[in-house]
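The block underneath contains the structure these notes are about, expressed in structure tokens.
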Amino acid sequence: MGAFSVLPTDPVTQTTTRTQALTWLAGQQAAMQTLLQQLVDIDSGSRDEAGVTAVARAIQAHLAAAGIAADLESVPGYGCNLRAGIAGADAGAPIVLGGHMDTVYPRGTVAQRPFRIQDGRAYGPGVADMKSGLVLNVFVLQALAQAGGANAPVRLLLTCDEEIGSPATRDTIMAEARGVRAVFNAEPARVTGNLVTARKGSMAIEFEVLGVAAHAGVNHAQGASAIEALAHKVLALHALTDPATGVTTNVGCVNGGIVPNMVAPHVSAQLDVRYTAEIDPDALLAQITAIIEAESRPRTSGRITAVRRTLPMRQTPADLLALYQRGAREVGFSVEGEFTGGAADSGLTASVGAPTLCGTGPIGGHAHTEREYCELDSLVPRAQALALAILDHP
Ligand SMILES: [Zn+2]
């Protein structure tokens with residue numbers, strides 16, 4: 001009404017912007033694969049400072065060639081985080097594109113099984129989780145810059161320690177996510193093609209059980225078996241699994257005892273716990289602690305030695321999913337939201353109230369295995385759908 005519209009809220013200009021972004025991305029399949037190969041062929045396991053930093057530098061160089069400056073922030077012991085951004089038509093709250101540069105694979109994995117393509121799928125360490133997601137975010141940022149930007153400023157934050165529960169970057173991620181318009185986290189889309197609209201949180205708990213050593217033949221009664229005590233604890237811990245609440249518990253590793261003819265004086269174990277946003281994790285941890293510390297058999301004791309936590313991702317707001325779905329339909333695919341037991345940094349952003357949609361990366365499967373793959377023909381349409389969701393975000 002008399003006011004002059006500014007880029008890109010004017011309908012005509014906005015149509016041009018959207019078309020520009022889609023057209024530019026449509027021509028980037030080969031360039032996306034080239035960057036994907038470059039990133040996959042760098043070993044960047046968590047805590048591999050040099051490897052993670054090499055990934056960040058490769059992305060920084062790629063963005064620099066496109067005229068977008070990226071900053072690397074050193075994270076001692078883990079490598080660095082990468083930040084880049086483009087201005088929006090308004091100076092309001094930003095939209096954040098998130099991802100992690102670390103993988104679960106040790107140095108040397110690339111030499112054993114480097115990037116390769118077979119039958120339309122790319123293979124290699126971290127190809128789905130989540131180097132293809134990094135590529136997608138980078139190209140979406142470029143597409144938006146090419147097209148003149150969105151309403152919102154857009155920020156890219158790539159971190160270095162997600163696969164080990166983000167011990168060094170969780171505060172950075174949560175600070176970045178406070179008060180933003182939205183967070184799109186480019187973890188791989190599910191095998192079904194679906195996005196991730198809720199995730200469980202997790203606790204990785206290490207504990208040990210102490211007993212009393214004794215000769216298993218000569219003076220059996222003087223012993224107190226740490227293994228027997230652990231067996232009771234494992235049953236009690238596994239009994240906390242409840243399909244109705246979504247809590248799962250799994251003692252996945254045990255290590256202990258010395259020889260068969262000695263009553264075991266010591267055993268250690270590792271417990272994985274998953275829970276939904278509806279569960280009080282402190283109360284759950286209190287239950288677990290009580291089981292571990294109980295004198296399960298006379299003269300034995302137990303204690304927790306380490307706890308690592310990731311937060312659950314509460315449900316994506318319906319309007320944010322709908323925004324993405326509209327963009328997806330426009331570029332030719334339909335998609336739903338899905339719940340997963342896997343944890344990710346999207347739990348951190350959702351926990352500070354940021355509307356968060358996860359799994360916006362290309363379609364991939366078998367993450368954390370040698371069969372990990374990425375569907376190459378999903379690179380462009382997933383990038384286009386994300387670009388539209390950002391451009392259409394009010
Ligand atoms: Zn991941």
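For the chain, modelled as a GNM with alpha-carbon contacts under 10 angstrom, which of Asp71, Asp161, Asp129 fluctuates the most?
The residue that fluctuates most here is Asp71.
Taking the Cα-to-Cβ direction at Asp90 and at Glu370 and moving 7 Å from each Cα, how far apart do the two end points lie in nm?
Taking the simple label geometry, Asp90 and Glu370 are separated by 5.3 nm.
I need the phi-derived Karplus couplings for segment 15-25: 6.51 cos²θ - 1.76 cosθ + 1.60, θ = phi - 60°, integer Hz, Gly and Pro marked x.
Going residue by residue, I get 4, 4, 4, 4, 4, 4, 5, 5, 5, 4, 4 Hz, with x marking Gly and Pro.
Helix-only mean residue ellipticity at 222 nm, the chain, DSSP H runs n ≥ 4 weighted -39,500 (n - 2.57), per residue, nearest 500. What is it?
-10500 deg cm²/dmol
At 0.36 nm per residue, minus the direct Cα-Cα distance, what do Ala61 and Thr305 gain on full extension? Give it in nm, one decimal, please.
Between Ala61 and Thr305, full extension yields 83.6 nm more.
Which is farthest toward the positive dipole end of the chain among Thr310, Val154, Thr15, measuring Cα position about the Cα centre, with Cβ charges +1 (Lys, Arg) and -1 (Asp, Glu)?
Of Thr310, Val154, Thr15, it is Thr15.
How do Thr356, Thr241, Thr109, Thr169 line up, fewest other C-beta atoms within 10 Å first?
Thr241, Thr109, Thr169, Thr356
What's the exposure ranking of Arg199, Arg121, going from fewest to most Cβ atoms within 10 Å?
So the residues, fewest neighbours to most, are Arg121, Arg199.
Given the options Ala244, Ala21, Ala54, which has the most mean-square fluctuation in a GNM of the chain, springs set between C-alpha atoms less than 10 angstrom apart?
Taking springs between Cα atoms under 10 Å, the residue moving most is Ala244.
If amide hydrogens are placed 1.01 Å from N in the peptide plane, which non-local residues have theirs closer than 5 Å to the one on His100?
Result for His100 returns Thr159.
Give me the one-decimal nm value for the distance between modelled label points at Cys253 and Ala30, 7 Å along each residue's Cα-to-Cβ direction.
4.6
Of Gly217, Leu36, Ile68, which is farthest along the charge dipole of the chain in the positive direction, counting Lys and Arg as +1 and Asp and Glu as -1 at C-beta?
Leu36
Farthest toward the dipole's positive end in the chain, which of Pro298, Gly246, Thr369, given Cβ charges of +1 (Lys, Arg) and -1 (Asp, Glu) about the Cα centre?
Highest projection toward the positive end goes to Thr369.
Cut-off is 10 Å between beta-carbons; in what order do Cys358, Cys80 appear when sorted fewest neighbours first?
Details: Cys358 30, Cys80 22.
So the residues, fewest neighbours to most, are Cys80, Cys358.
Let me understand segment 42-90 better: what is its radius of gyration from the alpha carbons, and its Dmax, in angstrom?
For segment 42-90, the Cα radius of gyration and maximum Cα-Cα distance read 12.2, 39 Å.
When the scattering of segment 159-265 is computed by the Debye formula from its Cα atoms alone, each counted once and equally, what is log10 I(q)/I(0) at q = 0.15, 0.20 Å⁻¹?
Rounded to two decimals, the profile gives -0.87, -1.13.
What does DSSP give for the chain in terms of the percent of beta bridges that are antiparallel, rounded to the nearest 5?
For the chain, the DSSP antiparallel bridge percentage is about 75.
How far is it, in nm, from the label point at Ala283 to the one at Arg107 when both lie 7 Å from their Cα along the line to the Cβ?
4.7
Please work out the Cα center distance from segment 215-289 to segment 170-198, rounded to the nearest Å.
Cα centres, segment 215-289 to segment 170-198: 33 Å.
Would you kindly derive the ³J(HN,Hα) couplings of segment 307-321 from the backbone phi angles with the Karplus curve 6.51 cos²θ - 1.76 cosθ + 1.60 (θ = phi - 60°), listing them in order in whole Hz, with x for Gly and Pro?
Each residue's phi maps through the Karplus curve to give 9, 10, 10, 10, 8, x, 9, 6, 3, 4, x, 4, 6, 6, 4 Hz.
Based on the Cα gyration tensor of segment 45-168, what are the three equivalent ellipsoid semi-axes, each the root of five times an eigenvalue, rounded to whole Å and given largest first?
Sorted largest first and rounded, they come to 26, 18, 12 Å.
Given that compact globular proteins tend to follow 2.2 N^0.38 Å, what is the ratio of the alpha-carbon Rg of the chain to that value? Before the final figure, lay out the partial values.
Values: Rg = 24.0 Å, N = 394, 2.2 N^0.38 = 21.3 Å.
Expressed relative to 2.2 N^0.38 Å, the Cα Rg reads 1.13.
Among Asn250, Asn151, Asn261, which one shows the biggest mean-square fluctuation in a GNM of the chain, springs joining Cα atoms closer than 10 Å?
Checking each option, the largest mean-square fluctuation is seen for Asn261.
For segment 374-388, in order, what is each residue's ³J(HN,Hα) by Karplus, 6.51 cos²θ - 1.76 cosθ + 1.60 with θ = phi - 60°, in whole Hz (x at glycine and Pro)?
10, 7, 5, 6, 9, 4, 5, x, 5, 5, 4, 4, 5, 4, 5
Just so you know, all these numbers are worked out from the coordinates, no wet-lab data involved. Everything numeric here is computed off the predicted structure, so don't read it as measured data. Ideal geometry is used to build each Cβ from the backbone, glycine not excepted, and the neighbour counts take in all protein chains shown.
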